[in-house]
Amino acid sequence: MTDENFPEDMPATNLFPQFETDIYRMITTEVEGLTESQLDFQSERWEWSKWSIRRNLSHMASGDFRWFLIRWGRQLFPDGLPEVGDPEILSSPKYDRRLDEDHYWDVDDIKGKLRDGLAMCWSILSRETVGSLRSKELELEGGGPWANYPLLYPSALRRDPNDASRFYVTLEATFQHRYYEHITHLYNIQRLKRAQGLAARVEVPFEGYWALPDWDRSEP
């Protein structure tokens, strides 16, 4: 995924080339042609089936805005945030880490915001270097996913030596988290399809969260 041997002045796009087209292509290929009922299928039978395909997509689309626009925004866009829409709609507290469903329910609209979010990610990567991605840090409460999954992020989290309650994570680790989130929710979409007797269409890389030894990989 990342390479410690990359020179610091190398463009950051070399660390995460998947954000240019691969992530969007895999996701849109997987959901192409699904009916409204297939998009909205959900079940209490498995933990992963409590969110429908549509809501997995909405979560994926919202996530890049939540991290890079809302949390990292002041550092990454010191001259003002890009015109990508109302942050309250892109990260609605009413809809648990998803787009505001009153504005984004049609699957084409959700895919449009997913495309916009990934384009924003690629724009950020295009103006950063490997060195800047690894030197820029964001303060977090509790350490976030980087503290919860030390197998994936053995050195991504830095604790403040003067305040044990304060943690910092790099921009590189944030991009790694977003990549892992996208492919893990894509795997969930495939399981939701299999639960409806539908075949998966793309091969999801076996890495990140869903590849962890204790991850729930139950199948229908």
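Summary table below
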read-out	value
Residue in region 57-66 that is out of contact with any Gly (no Cβ under 6 Å at 6 or more places or on another chain), of a type outside the set (Val, Ile, Thr), in a loop (DSSP other than H, G, I, E, B) and surrounded by 14 or more Cβ atoms within 10 Å (Cβ to Cβ) present	no
Residue count for region 185-198, restricted to those that are touching a residue at least 40 places away in the same chain (Cβ under 8 Å) and either of a type in the set (Phe, Trp, Tyr) or assigned to a loop (DSSP other than H, G, I, E, B) (or both)	2
The lone exception for Leu125 - which of (1) closer than 24 Å to Glu207 by Cβ; (2) out of contact with any Lys or Arg (no Cβ under 8 Å at 6 or more places or on another chain); (3) assigned to a strand (DSSP E or B); (4) among the hydrophobic types (A, V, I, L, M, F, W, C) it fails	(3)
Subset of region 128-184 [part of a loop (DSSP other than H, G, I, E, B) and acidic (Asp, Glu)]	Glu128
Qualifying residue in region 176-188 (condition: of a type in the set (A, V, I, L, M) and more than 13 Å from the chain's Cα centre (by Cα))	no
Subset of region 29-46 [surrounded by fewer than 20 Cβ atoms within 10 Å (Cβ to Cβ), out of contact with any Lys or Arg (no Cβ under 6 Å at 6 or more places or on another chain) and within 22 Å of Tyr179 (Cβ to Cβ)]	Glu32
Qualifying residue in region 130-150 (condition: more than 26 Å from Trp48 (Cβ to Cβ), over 19 Å from the mean Cα position of the chain (by Cα) and β-branched (Val, Ile, Thr))	yes
Members of region 142-159 that are touching a Phe, Trp or Tyr at 6+ places or on another chain (Cβ under 7 Å), within 20 Å of Ser132 (Cα to Cα) and surrounded by fewer than 21 Cβ atoms within 10 Å (Cβ to Cβ)	Tyr153, Leu157, Arg158, Arg159
When residues of region 26-35 are limited to those that are in contact (Cβ under 8 Å) with a residue 24 or more places away in the chain and not hydroxyl-bearing (Ser, Thr, Tyr), the one farthest from Leu186 (Cα to Cα)	Leu34
Unique residue being under 20 Å from Ser52 (Cβ atoms), part of a loop (DSSP other than H, G, I, E, B) and in contact with a helix residue (DSSP H, G or I) (Cβ under 6 Å, 6 or more places away or on another chain) when the list is Arg201, Arg217	Arg201
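Readers should treat all values here as calculations from the given coordinates under stated rules, not as data from a laboratory. All of these numbers come straight from a predicted model, not from anything done at the bench. Counting neighbours? That spans all protein chains shown, and the Cβs are built from the backbone with ideal geometry, glycine included.
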